[in-house]
1. Output yes when any residue across the stretch E:268-284 is assigned to a helix (DSSP H, G or I), touching a strand residue (DSSP E or B) at 6+ places or on another chain (Cβ under 9 Å), modelled with pLDDT of 85 or more and of a type in the set (A, V, I, L, M), and no when none is.
2. Take the stretch C:115-128 and flag every residue that is surrounded by fewer than 18 Cβ atoms within 10 Å (Cβ to Cβ) and either over 15 Å from residue A:90 (Cα atoms) or under 28 Å from the mean Cα position of the chain (by Cα) (or both).
3. Looking at D:169, D:85, which is the one that is open to solvent by 20 Å² or more (accessible area, probe 1.4 Å) and not in a helix (DSSP H, G or I)?
4. Out of the stretch A:256-314, which residues are farther than 23 Å from residue A:351 by Cβ and of a type in the set (A, V, I, L, M, F, W, C)?
5. Based on this model, can you work out whether residue B:3 counts as more than 16 Å from ligand 4 (Cβ to nearest atom), at pLDDT 95 or above, open to solvent by 10 Å² or more (accessible area, probe 1.4 Å) and touching a strand residue (DSSP E or B) at 6+ places or on another chain (Cβ under 9 Å)?
6. If only one of A:95, A:130, A:113, A:125 is of a type in the set (Asp, Glu), within 12 Å of chain C (Cβ to nearest Cβ) and without any contact (Cβ under 8 Å) to a residue 24 or more places away in the chain, which one is it?
7. Can you work out which of the residues in the stretch E:55-90 that are touching a Gly at 6+ places or on another chain (Cβ under 9 Å), modelled with pLDDT under 90 and in a helix (DSSP H, G or I) is surrounded by the most Cβ atoms within 10 Å (Cβ to Cβ)?
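The values are calculated or read from the model by the stated rules, or taken from the named source; none is laboratory data. Just so you know, these numbers come straight off a predicted model, no measurement behind them. We place every Cβ from the backbone using ideal geometry, glycine too, and count neighbours over all the protein chains shown. The protein model used for the area step is the full one, side chains on, heavy atoms only, and it has no ligands, DNA or RNA in it. Shrake-Rupley method; radii C 1.70, N 1.55, O 1.52, S 1.80 Å.
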Amino acid sequence: MITFNGVTKRYADGTVAVDGLSLDVHTGGITVFVGPSGCGKTTSLRMINRMIDPTEGQILLDGVDVTTIDPPTLRRGIGYVIQQAGLFPHRKIVDNVATVPQLLGWSRKRARDRAMELLERVGLDLKLADRYPFQLSGGQQQRVGVARALAADPPVLLMDEPFSAVDPIVRTSLQEELLRLQSELRKTIVFVTHDIDEAVKLGDRVAVLRVGGRLAQLDDPATLLARPADDFVREFLGRDRGIRRLSFISAEGIALRADLLVPATADVSAVRDAGEPWLAVVDGDGRPLGWAAAKDLPDSGTVADADLVPSGTFVAGRDSMRAALDATLLSPAGNAVAVDESGRAVGVVTREALDEALAGTAGGARG
Amino acid sequence: MITFNGVTKRYADGTVAVDGLSLDVHTGGITVFVGPSGCGKTTSLRMINRMIDPTEGQILLDGVDVTTIDPPTLRRGIGYVIQQAGLFPHRKIVDNVATVPQLLGWSRKRARDRAMELLERVGLDLKLADRYPFQLSGGQQQRVGVARALAADPPVLLMDEPFSAVDPIVRTSLQEELLRLQSELRKTIVFVTHDIDEAVKLGDRVAVLRVGGRLAQLDDPATLLARPADDFVREFLGRDRGIRRLSFISAEGIALRADLLVPATADVSAVRDAGEPWLAVVDGDGRPLGWAAAKDLPDSGTVADADLVPSGTFVAGRDSMRAALDATLLSPAGNAVAVDESGRAVGVVTREALDEALAGTAGGARG
Amino acid sequence: MDEEPLVRWDWIGRNWPRIQPLLEDHIVMALVPVVIGLLVALPLGLAGVRWRRLYQPTVGVMNVIYSLPSLAVFIVLIPITGLATRTTVMIPLTFYALAVLIPAVVDGLTSVPDHVRQSAVAMGFTPLRRLLRVDLPIAVPVVLAGLRVATVSSISLVSVGALVGRGGLGYLFIDGWQRQFYTPIVVGIVLVVVLAGLADLMLVLAQRLLTPWARARGSA
Amino acid sequence: MNWLIDFFGDPANWSGPEGIPVRLLEHLEFAGLSLLLAMLIAIPLGLWIGHTGRGALLVVLSANAARALPTLGLLVLIVLFMGVGTIVPVLIPLVALAVPPILVNTYEGIRGVDPDLRDAAYGMGLRGGQVLGRVLVPVALPLILLGLRLAAIQVVATATVAAYVGLGGLGRYIIDGLATKNYPSTIGGAVLVALLALLVQFAFVLAQRVTVSPGVSGRQDIR
Amino acid sequence: GGDPLTSASASPAGSGPASAPAGGKVIVGSANFPENVLLAEIYAQALEAKGVQVERKLNIGSREVLYDQIKSGGLTVLPEYVGSLLAFVDNTSTQKKKDEVVAALKEKLPAELEILQPAAAEDNNSLTVSKETAAKDGLTTIEDLVKVAKNYTVGGPPEFKSRQEKNFKDTYGLEFKEWKKTGDATADAIKNGTVQVGNVFTTDPKIIINGLVSLQDTKSAFAAENITPLVNKAGVNDTVRTTLDAVSAKLDTAGLVALMKRIAVDKDDAAAVAKDWLSQNGLG
Ligand SMILES: Nc1ncnc2c1ncn2[C@@H]1O[C@H](COP(=O)(O)OP(=O)(O)OP(=O)(O)O)[C@@H](O)[C@H]1O
Ligand SMILES: Nc1ncnc2c1ncn2[C@@H]1O[C@H](COP(=O)(O)OP(=O)(O)OP(=O)(O)O)[C@@H](O)[C@H]1O
Ligand SMILES: [Mg+2]
Ligand SMILES: [Mg+2]
């Protein structure tokens, strides 16, 4: 655990970048510092590995005041990833990653083996290992930056807007990669961003700072979206707060209706008899093919002969309420097909069922 | 109108950047070129003002083949805005903006007056006019870039990822500024971005290109989101397609219930008698104060004594279905308060009413 | 006599035994100052980066030294370093090399991107180690560019030493001048240029070998 | 210091065809003319190559080759060919000396201008010449001036060699001082040359202040 | 004031090999003109033939520079010209004839230095004009020059004016319009007309190359200029002395001019010419 204990940083020119910050960063989780430009995020982060020393207060790493530890030693146990990746232009990718292990005195071979392992782990083609940084795209460089920070298996990882220089598509894939990695590694991560979407997506807990370096709110993302502490936080969270908080609510509780699924081989008449305006058609493997409208069905034959409208789907056990809502909005029936991890339909969510489930969550907004 | 007529661009090294592109850019609207990196967006854009000449095919500007026009003359009639603004570092802001008018032979005074007018128009503090570009923030520089491109009042504006170098908050404000400007100026704008959100936000029409420079789909944003032409486009549009298309559907059609609004001065008993579980409380001016739950009301007194839960609101005449949905999701009742432009409550949207309205739009997804 | 040819080819062959030691002397007098200059410029450049306020005055002094005519400096040095000794020639050349190399080292070190330096710190490099493993290697292309200029200029400048009795190939210029004899002058010029070209080429090759990572940015 | 007083205090050194004013003017003539010629050659060439990108390799290779040309050798060779009737023989080696820094800096300056800027200029409808004159040159000016300054200093310092082949200039004090072991003369000459070089530097600093846009110089201060 | 060239000679600490013969090494120097270089080569090679270890410092500079060096031991042997050397060590001297000059020199030279046996060969200072000037004014002797000299500029090495202005006036009543320092380019200056009269050595090959005319010195304004080795006593032993004396014994003016022709016209190298001469004379 990392503990900020009344930490204040006043720069030589008098700027108060961080003002009496007290908070805990939980072990094994991602804590995101978010806030407008100049609110002291970077300063706070860099006080953890003593790139900057606080003017007042203490920062404890598992109970030990960091100022009692020799900076290089401290830093070798803390991974650090920054925006431009900060790769050493003169060293090959693999050697970049092997840097800290070598600093720690590992043999060259062991350090390189470890580097290769990590490159693979962050999803980088191993053919790139012998290239130089300038030969990689921005997104690839960021992956290397992450691999490098992880090389010595430090328990703590500091990340300062690591993905803000790459384009949105690459950024999304980097974010997902980080979440996947973290689910395996369970590092204690402090992540800085000024993008609230990134913050709520990645953070187990999100600390919103206001300019002047004061903590406005520290909560898990769902709570943050549901109950912003004040107008500053509400404003900062921006539009779509209602929709976005659905991301943190599992769709598991929604009632599924299996009776609305019909196999493509079913006879038209049977479907018409069901009395429902729309039915979800599935193939022999149970995969959804689309929606059939009862009124537009042909007079005879199987459902497969009908004009099928594409359906919105979501994964029942995994996806959030948001994905379920999105799926209903994409379906003509206003209903969405729930599938399992392998893509087989397990039931249909009607809008009524969704409303019911949503009503349950909306109560959470009381506060 | 700008017409691409079977336009192909093959670079000297054999790369086919654009391949048989045919499309129309409508006069007075924003047409966005969007697509993954390297799909030929920039190349397509730059063929319009002959920064690049096509290998095959033609580009017509109001029916005239651009290759018949002397490039500098052509370009003076076309505004051009690029990512880092490309401001001339050695000239003051006002002189940067006055460049093209001066090229066109305007007097210095007239050109500068025009420049000042435009700086004001793009929302820049006129105190900045006498500064040099390096003294401005990235966002301010971009505004100057837009002003400069507009200086000679060209009918056509080409914008190549103009906002991609600034942070998300500034970016949003620049986008809004552009929309405001365009509502006044009605230029023919070709806008390049690789951010699909920006594309659907700004574009009257969005052209999705695939790598190799082939057109995948050209449609208005709502249609694009509702009916992606193929898997590539669907993939590129990403998650939340259902929710995002609600942005293009006005919330106007939703039925409002004025009977759910109660003044704060109303007697508790009256409210309890209404038989509704939640009522929206408004102040003397008609502004929403929050939701009162019937079951939690005090035994006597006015509604103002009740425990009010904050309400989600949306602007009835202006906001989209998405805002309305968001508002319902933020309200404990699952209902949202509709307000007018001045913030006075005009009625309540129940989830049922919203569902009804959504069902109407979902039909549009049939394709 | 007016038809004295530009080059008497036979003269070259006959006099090679005399030219060769001049060439060797030239190489030593040109290169030693550059090597010493580099060795001195590194710590001074480091100090310049560390104490920015010292740097501007240093550059000022270097500029003054650079603007001193080499011949005058040779003359002034004779009583101290001896007549026609290598030292006399090499001392000013060392200063000229310094005038080029100190800024090159400083520019090279400041060319290390801030984010790279920051990550090195954050990874737990100690200052000395960071200097050796990160800052200096990254400075190499810029330093080498300066080294190329310094080397070539030094090779060219040595010949002025001939006016005070020790100028390597410059002797050939004096000799040719006194005898109105083109051949040694031409031979001298060609040898100096070829020598400089070879040295330059070797530095370019060294740069290629040392900095494969910088190739994308061009080598000028 | 005594030697300086000996030299500058001697009234004979202040008048006549061997006096400081005359020698100084001669020196300025060599240096100024050769710098001018070098500018006429190197600046257009550098602008052209930087602007069109054609022949860039040639610049890089030939500039260093030209730096290698030994001034003394070139000087005596040319004097033997042409005699010392005019100052042309001095100008040629000095021009050869001055061209590389001017050429390289002009070329690098123009080439180093942010491609986006060039793009924006063309995109606004500036013609090739206008792009060069109104955008590239003003932005590259600090580097171009730096090249000129380096060239000027070298030319001023090296013009002393002219005295070896019997021509004038401040080098006379140095060469004659050497021959007659007149130490004050040598030192005095060297000091004059160094002062002149400093003056030239100062002039360039002023020129830079006047000609370079604050938008360009300010930006550099920040970096 | 404290002239460092002089003061340094008092403390030869930094001036390289000061006390030369310690390692048996003889440092042969020469002034910066081809004939002097040739003579130094001859001395050097003759010594080497006798097994003496020799270091050459050739083509260095003027007598002003070299003299201090030989006095301090930075040089051991220097080819000198008796008349000029005497004028240098004693600028009040009036001796012109060879024997008188040599005698005066032996007396005036400082204790560290001595001259060895002078050769018959001479390389005199001369006043030289172009063929055209000679023809136009009918000049053959310096006396012929006196009547036209007021219109003429005279050129010579930088030290020329200070050494000779008074001498010319006293001996010939000769006065020039202007004095120019033409240094090594004096012959060229005569040729291209920058100066009309120049101080050129009689064995200077440029006289032949440029077709110049040296005027006869009928009144001995210039002293005898027999060639002689000037040596630093501490640096020479008997082998050196006898070797150099043997060289001087064979060296005459005609021979020297012939050698200089090889150097200046045939562009043979001084070392080669010296070698040939030494072997022809049984010295090498
Ligand atoms: N070395 C410094 N000296 C003086 N002031 C500084 C220094 N570093 C940062 N500041 C100031 O301290 C405040 C906080 O800076 P910090 O870099 O921590 O902000 P940030 O939240 O990381 O901002 P951003 O989102 O722009 O990166 C800012 O006002 C900044 O200008
Ligand atoms: N001058 C050129 N020579 C050769 N290939 C080029 C040139 N310019 C662009 N290309 C190639 O043409 C293709 C299209 O490039 P273009 O710049 O138009 O893409 P883009 O869609 O604008 O990409 P981005 O989103 O990265 O800006 C790419 O593969 C690119 O590498
Ligand atoms: Mg920051
Ligand atoms: Mg592009």
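1. So in the stretch E:268-284, the residues assigned to a helix (DSSP H, G or I) come out as E:270-280.
After this cut, where a residue has to be touching a strand residue (DSSP E or B) at 6+ places or on another chain (Cβ under 9 Å) as well, the list is E:270.
Add one more test, that the residue is modelled with pLDDT of 85 or more, and what stays is E:270.
Then keep just the ones that are of a type in the set (A, V, I, L, M); that gives E:270.
Looking for residues that are assigned to a helix (DSSP H, G or I), touching a strand residue (DSSP E or B) at 6+ places or on another chain (Cβ under 9 Å), modelled with pLDDT of 85 or more and of a type in the set (A, V, I, L, M), one finds at least one in the stretch E:268-284, hence yes.
2. Within the stretch C:115-128, C:118, C:126, C:127, C:128 qualify.
3. D:85
4. Correct list: A:264, A:266, A:268, A:270, A:304.
5. yes
6. On the way: A:130 fails: without any contact (Cβ under 8 Å) to a residue 24 or more places away in the chain; A:113 fails: within 12 Å of chain C (Cβ to nearest Cβ); A:125 fails: within 12 Å of chain C (Cβ to nearest Cβ).
Selected residue: A:95, the only one of A:95, A:130, A:113, A:125 that is of a type in the set (Asp, Glu), within 12 Å of chain C (Cβ to nearest Cβ) and without any contact (Cβ under 8 Å) to a residue 24 or more places away in the chain.
7. E:69
Each row is one residue, and each column tells you yes or no for (1) within 16 Å of ligand 4 (Cβ to nearest atom); (2) open to solvent by 30 Å² or more (accessible area, probe 1.4 Å).
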position	(1), (2)
B:18	yes, no
B:21	yes, no
B:28	no, no
B:35	yes, no
B:43	yes, no
B:51	yes, yes
B:63	no, yes
B:67	no, yes
